[in-house]
Every structure is written in structure tokens, then in C-alpha cells.
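Novice: Input: one structure, supplied below.
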Amino acid sequence: MHLSIRSRACRAGALLVLAVSLPLQAQRTAALPEVVVTAARGPQTVEELVADVTVIDADAIARSGAQSLSEILQRQPGVEVLRNGGPASVSAAFIRGANRGQTIVLVDGLRVASSSVGAPTLEAIPVSQIERIEILRGPASSLYGADAIGGVVQVFTRRPAGAFGAHVDAGYGTFDTRTASAGVAGSLGAVRLALNAGRRQSDGFNATTPDAAFIYDPDRDGYASEDIALRSVLALAPGHELHAQVLRNRLDAQFDGGAGFDDRTVTRLTAWQAGSRNRWTTQWMSALNVGETTDDSVSTSAFGAAAFRTRQRQYGWQNDFTFPHGKLALAFERREERLDENVGFAVRERDTDAVVAVWQFQTGTHAVQSNLRHDHSDQYGGRTTGSVAWGWRFAPGWRATAGAGTAFKAPSFNDLYYPDFSNPALRPETSRNVEAGVYWDRRLGAVDVHAQANAWHNRVRRLIVFQCDASFACAPQNVANATLQGVTLSGVARWRDTSLRASLDVQDPKDDDTGRLLPRRAKRHGSVALTQAIGRARLGVEVVASSPRFDDAEHLRPLGGYAIVNVTAEMTLGNGWSVLVRGDNVTDRDYVLASGYATGGAQGFVAVRWQP
């Protein structure tokens, strides 16, 4: 890593510590639960973690007042977001400077993505169904296969609890935004059930600016979505259960494709799965699952209708073994991708089989995790990836980690087979990553302090870029290389009724050939949030900021830096009732996340909740 990155990180870290008067940590965006799942494909306690993970729990999600998954991710360490307009517009997450398609998004373990674009559809995942989010930063192909160069975002939907419970909420905000959701969960003998449904609707704002040229249309771009989810668990005997679940969301979002036409995209996201969990012995747990996700998108504009439907059938069998000083997970996976479209692709399907092993070992103050995975695709052949990470508790309250790993991204169906603009000879992108982290967790008098710093260096090779030759024949090629490197400083401090959270990323994701910053990536970005409880009220103020970026690889379209201020106020009324008021961008800062697309200015939202 270059000395300039280190020096900037040190100066930025000093300023961050002075600004909050306490060391901080990003490991705990909210109160950290007892275990995390994503970092090792199974439950891990905090003490076992050797990966860079953030957990966002149900309380933090509810208190955020966020209307989309991208809004939640925008406030997290190591994550930048792209959004082409309002909450229902095309959205993307860049983890540690990686591209949109180099992050895997899972919903309860199932991949959610468009095989044609080769990227997840964040805007189609309804916030009303989310119970918890885990963000794993760093290459994770050795755990989850293709596309995990930057990291993994796993969304866990609401699940049944032991006792019967219910919740209802309704909200209203700027642009005539209306939301409502309700759910019930509980046990009926040996069966646990959870049913949740929600709806969002908004008149929206004009998603484009005059910079958008021929697609600019000075109209409002609204949206409407309806979602429902059902989950059931049947206990057959102690340690043995069957489970089944289904999630469905329909999102109808307007966009600008030119004046004089009601351009819109209707996306239907469906995910279902069923399986069993069986504890055969105290040392052996087995899980068998089959599931399917469908990303069905139809865009209608003045030029006609474009329809793309991705169906991913996924099978998994994992066996977890516990030993005196370690754990071993062995898994087999199969993913069958099927693409229906009206463009005319030469190939519309591919199958991938994979085997994976995860070994965790602990002795004294040391912990090691090693992952090894082999994927075989009938489209691009075999790929083996691996990683190893080590953690050391070298002093009370202190922990150090170091790791290295490889990853790859498969070319999308658009890259391979889009008529007249594709290249069937493309090979997967690859990466090699090294990283290190330091964590501090102490109680200083009445103050709980949790702090961490992580540095990474990720070399990405054979990047797929779109090129045109002298005859204007255009196609994607494996010709670019990039280096993603940086430092994340972040954390949480809590004392009495006050909580302070902050994060700062100092990074240099660049094109190796030109030395230029990658499009829509900033050298510095971060957030600071302060919450204060006063009796039954909880008040919060948050600043989300980014340095300037560029919208294109040639740096011809600059995107200015920004700092937006969000405020929240929550009041508990008693008998399970509460009121949340949120103001976003209260200073009405004019900023953009992508050239030609607006962000809506100052906005407000009020929600009433009942959850006894």
C-alpha cells in the first residue's frame, strides 16, 4: 500500500478521534448480537470472528426510518451506494471500492440478482421484511462462489419467535409517500409461523436533471410496491426440524427515458425455499435446502418493452462438525441459472456445482479460519478460491487480525451473449486480497468503547470493460486491471443514554493503466451519528459525507463532494405505541450520486408503530 494512503489515513484517523473525543468501532453498528452467520456459513460468536463484519439489527433498522436497503447501506463503513433517482430507482452498493456486480446479495442464504446484468437488484428487496443485515467486507468467493470480490450483504427476513406477537406501522412523508406494514408471529404447538405484509407508494420527484440530456423529462417519477412473506418451522423432535418460506415483492417504478412517455419498470422478486435441519449427534449438524429466486423485470419506454427474467434454482447440503478446538463445515451446492428475455440471446442457461470446506480452529488467544472452494460451471469451467485469516487477542480488550484470499466474478449474460454487443470468449475477473485489522473493546468508567481499524489491498485482474475498435464494432473485453486499497476507521461509544457512532474510509480504488479513480468511487467517505435518550424520547442527528468523485472512467464528468444531515426523533407512547419522525438532508443540500440523476432535496417522514 502506498505511503500516501497510510499518511492520509493516519491524519484522518486523528481528526476522527478528536472529533468524537473517544475511539470508535464499526464492528457494532447496533447492539451486536451473540452470533453472526455470514462470515463462516454458520453461527460464530464475536470472539471467534476473524473477518470484517457489520451487523445491523431490527431496532437499528426500525429507528433508521429508511425507505430502501440502499439508504441503510449508505451509512455503513466500507460501503458506497449508487442510486439513479429515488428509493425505488436502480441501486448498487460498492464495498471497499469494488464494482456493483462484485458484491453478492443473499436473502436468507439465497442469491438475489439479475443474470443478464450480473448484479443484485437492491431496490426490489422490501425494508418492511428485513429483520437483520450482515455485511461481510472482503473477498468471499471461497465461501459463496462467483462475484464476491468486494464482499457479501446478507439480508435476514422476519422469522417466528416463541411467543405470539404482532406489529403494525403506517407512515407518511414528502412527495405524498405512504407506507404500511403488519405482521403476526408465534407458535402453534410444534409449528412456528410468521406472516408479514407491507405496501409503499409515492408520487416521487423528478429523477433526472437537465444534465441527463435526451432522457430528461421534467415529470415526477413515483413508485408503488407490495410485499408479503410467510415462514413456517415444524419441530419434529429435539434437534430436528423442517422449514419452508416464501417472499414476494412487486415494484412498479417510473423512470425517465425521454419526454412525453410514461417510462416505467415493473420488477417482481420472488424467493422461496424449504429444507431440514438435523442434529444427529452433539458434534454433527446437517442442513439440506432447496430454493429458488426469480428476478422478473419488464421496462416499458417509447422504444418498446424490454423483458428479462432470471430464475436461480439453488440446492445445498451442509454438514457442520464440532471438535474440541475447532469446527469443520463441508458443503455441496448447485445453482441453475435460467434467463428468459425478448432480445435474442444465443445462450440462456448455465449450471454451477461447488464444494466448499470451512475450518475454524481456536487455541488460547489465537483463532484461525481457512476456506477452500471449487466451482465448476458448464459455461466458464472450473475455479478454485481460498482464504485464510488469523486473529490474536494479544492484550485485554485488544485483538489483531490478518488475512489473505482470492475471488472471482463470472461474466454476465449481457457480456457474453447480448446480440451485436457481446463476447462469448470472456473469462472471469479475478482478485487477490490481503488485509489486516486492529480491534479495541473496553469499558472506561461509565463508557463502553468499541473501536476498529481495517486496511486492505485487493488486486483485481482481467476486468471486463466495453471497447470499440476503429470500425466502431463494440464488445466487452478482459483488458483492465484495478487496485483497491484503503483503510476504514470506525466505531461506537455508549455512555448512559448517549450513543455515538462514526466511520471514515480513506481509499484509492484506481485503474492500474491510467492511475485514475474508478467511476463513482470517492477517496474519502464516512458518517457520524449521535443519539440521545431523554425520558421516553430518543433524538438523533447524523451526517453522511463523501469527497468528490467522477461519473466516468475518463474523469470528464465530475461529481461534487457532499455532506448531508439527517435527524430523527422517536417517542414511546406506552402500550406498545411509538412515533418516529425523520428528516433527511434537512439542509436541502443539492448533491448527486450519479450524473444526471437527482436525489430529491430535503425530505420528511412520520411513522406510527404498534408492537406490544
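Condition check ((1) in contact with a Gly (Cβ under 6 Å, 6 or more places away or on another chain); (2) surrounded by 14 or more Cβ atoms within 10 Å (Cβ to Cβ); (3) outside any loop (DSSP other than H, G, I, E, B)) across all residues:
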position: Thr531; (1), (2), (3): yes, yes, yes
position: Asp552; (1), (2), (3): no, no, no
position: Val565; (1), (2), (3): no, yes, yes
position: Gly604; (1), (2), (3): yes, yes, yes
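Novice: Name the residues in the range 175-225 that are in a loop (DSSP other than H, G, I, E, B), of a type in the set (A, V, I, L, M) and within 13 Å of Ala88 (Cβ to Cβ), would you?
Specialist: Start the filter on the range 175-225 by keeping residues that are in a loop (DSSP other than H, G, I, E, B), which leaves 189-190, 206-207, 209, 216-220.
Next, only the ones that are of a type in the set (A, V, I, L, M) stay: 190, 207.
The one that is in a loop (DSSP other than H, G, I, E, B), of a type in the set (A, V, I, L, M) and within 13 Å of Ala88 (Cβ to Cβ): Ala207.
Novice: While we're here: Any residue at all in the range 114-123 that's on the phi > 0 side of the Ramachandran plot, assigned to a loop (DSSP other than H, G, I, E, B), touching a helix residue (DSSP H, G or I) at 6+ places or on another chain (Cβ under 9 Å) and in contact (Cβ under 8 Å) with a residue 60 or more places away in the chain?
Specialist: yes
Novice: Let me ask you something else. Within the range 63-90, take every residue that is outside any loop (DSSP other than H, G, I, E, B) and at pLDDT below 90 and give me the one that is nearest to Ser297 (Cα to Cα).
Specialist: Applying the filter and picking the extreme gives Ser64.
Novice: Ok, one more. Please pick out the residue among Ala407, Ala425, Ala470 that is in a strand (DSSP E or B) and either among the aliphatic types (A, V, I, L, M) or under 23 Å from Gly145 (Cβ atoms) (or both).
Specialist: Among Ala407, Ala425, Ala470, only Ala407 is in a strand (DSSP E or B) and either among the aliphatic types (A, V, I, L, M) or under 23 Å from Gly145 (Cβ atoms) (or both).
Novice: Kindly indicate whether Gly198 is under 20 Å from Asp59 (Cα atoms) and touching a helix residue (DSSP H, G or I) at 6+ places or on another chain (Cβ under 7 Å).
Specialist: The answer is yes for Gly198.
Novice: A further question follows. Between a residue in the range 65-82 that is touching a residue at least 12 places away in the same chain (Cβ under 8 Å) and of a type in the set (Ser, Thr, Tyr) and any residue that is crowded, with 22+ Cβ neighbours inside 10 Å and part of a helix (DSSP H, G or I), which pairs come within a Cβ distance under 9 Å, given they are 6 or more apart or on different chains?
Specialist: Ser68/Leu122; Ser68/Glu123; Ser68/Val127; Ser70/Leu122; Ser70/Glu123
Novice: A follow-up question, please. Kindly list the number of the only condition in (1) surrounded by 20 or more Cβ atoms within 10 Å (Cβ to Cβ); (2) in contact with a Leu (Cβ under 6 Å, 6 or more places away or on another chain); (3) at pLDDT 95 or above that fails for Leu136.
Specialist: So the condition that Leu136 fails would be (2).
Novice: Which condition number does Arg524 fail, the rest of (1) within 23 Å of Val567 (Cβ to Cβ); (2) within 24 Å of the chain's Cα centre (by Cα); (3) touching a residue at least 40 places away in the same chain (Cβ under 8 Å) being met?
Specialist: Evaluating Arg524 over (1) within 23 Å of Val567 (Cβ to Cβ); (2) within 24 Å of the chain's Cα centre (by Cα); (3) touching a residue at least 40 places away in the same chain (Cβ under 8 Å) leaves (1) as the failure.
Novice: For the range 512-526, check the following and say yes or no: at least one residue is hydroxyl-bearing (Ser, Thr, Tyr) and closer than 18 Å to Leu593 by Cα.
Specialist: no
Novice: Here is a follow-up. Go through the range 477-503 and give me each residue that's in a strand (DSSP E or B) and either farther than 24 Å from Gly151 by Cα or among the aromatic types (Phe, Trp, Tyr) (or both). Show your work before the answer.
Specialist: Residues of the range 477-503 in a strand (DSSP E or B): 477-495, 498-503.
Once the filter is applied, which keeps residues that are in a strand (DSSP E or B) and either farther than 24 Å from Gly151 by Cα or among the aromatic types (Phe, Trp, Tyr) (or both), the range 477-503 yields Ala493, Arg494, Trp495, Thr498, Ser499, Leu500.
Novice: Next up: May I ask you to list the residues in the range 504-525 that are surrounded by 17 or more Cβ atoms within 10 Å (Cβ to Cβ) and not in a strand (DSSP E or B)?
Specialist: Asp508, Pro509, Leu518, Pro519, Arg520, Arg521, Ala522, Lys523
Novice: If you check every pair at least six apart or on different chains, which have Cβ atoms under 7 Å apart with a residue in the range 35-48 that is farther than 22 Å from Gly364 by Cα and part of a loop (DSSP other than H, G, I, E, B) first and a residue that is of a type outside the set (Asp, Glu) and modelled with pLDDT under 95 second?
Specialist: Between residues of the range 35-48 that are farther than 22 Å from Gly364 by Cα and part of a loop (DSSP other than H, G, I, E, B) and residues that are of a type outside the set (Asp, Glu) and modelled with pLDDT under 95, the close pairs are Val37/Pro43.
Novice: So which of Arg335, Arg399, Arg350 is in a strand (DSSP E or B), among the basic types (Lys, Arg) and under 24 Å from the mean Cα position of the chain (by Cα)?
Specialist: Only one candidate passes the filter, namely Arg335.
Novice: Quickly run through the range 384-419 and pick out the residues that are in contact (Cβ under 8 Å) with a residue 60 or more places away in the chain, over 23 Å from Gly118 (Cβ atoms) and buried (at least 21 other Cβ atoms within 10 Å of the Cβ).
Specialist: Listed by number, the residues that qualify are Ala389, Gly391, Thr401, Gly403.
Novice: Being buried (at least 20 other Cβ atoms within 10 Å of the Cβ), of a type in the set (Gly, Ala, Ser) and touching a residue at least 12 places away in the same chain (Cβ under 8 Å) narrows it down to one residue among Ser276, Ser301, Ser232, Ser297; which is it?
Specialist: From the options Ser276, Ser301, Ser232, Ser297, the qualifying one is Ser297.
Novice: Just to verify a result, which residue in the range 330-356, among those that are of a type in the set (A, V, I, L, M) and farther than 23 Å from Glu292 by Cα, is surrounded by the most Cβ atoms within 10 Å (Cβ to Cβ)?
Specialist: Across the range 330-356, the extreme among qualifying residues is Val343.
Novice: Among residues belonging to the range 110-124 that are in contact with a Gly (Cβ under 9 Å, 6 or more places away or on another chain) and farther than 22 Å from Asn289 by Cα, point out the one that is surrounded by the fewest Cβ atoms within 10 Å (Cβ to Cβ).
Specialist: By that ranking, first place goes to Val117.
Novice: Right, another one. Take the conditions buried (at least 21 other Cβ atoms within 10 Å of the Cβ), in contact with a Ser or Thr (Cβ under 7 Å, 6 or more places away or on another chain) and within 21 Å of Ala451 (Cα to Cα) and apply them to Val55. Does it pass?
Specialist: Numbers: buried (at least 21 other Cβ atoms within 10 Å of the Cβ): yes; in contact with a Ser or Thr (Cβ under 7 Å, 6 or more places away or on another chain): yes; within 21 Å of Ala451 (Cα to Cα): yes.
It is true that Val55 is buried (at least 21 other Cβ atoms within 10 Å of the Cβ), in contact with a Ser or Thr (Cβ under 7 Å, 6 or more places away or on another chain) and within 21 Å of Ala451 (Cα to Cα).
Novice: Further question: Out of the range 466-513, which residues are among the charged types (D, E, K, R), without any contact (Cβ under 8 Å) to a residue 60 or more places away in the chain and under 30 Å from Arg443 (Cα atoms)?
Specialist: Within the range 466-513, Arg494, Arg496, Asp497 qualify.
Novice: Can you list residue pairs whose Cβ atoms sit under 9 Å apart, with the first residue in the range 161-174 being assigned to a strand (DSSP E or B) and the second being surrounded by 15 or more Cβ atoms within 10 Å (Cβ to Cβ) and aromatic (Phe, Trp, Tyr)? Count only pairs 6 or more apart in sequence or on different chains.
Specialist: As it stands, the answer is Ala166/Trp610; His167/Trp610; Val168/Trp610; Asp169/Trp610; Gly171/Phe605; Tyr172/Phe605; Gly173/Phe605, since those pairs meet every condition given.
The values are calculated or read from the model by the stated rules, or taken from the named source; none is laboratory data. Quick caveat, the model's predicted, so the values are computed rather than measured. Backbone-built Cβ (ideal geometry, glycine too); neighbour counts: all protein chains shown.
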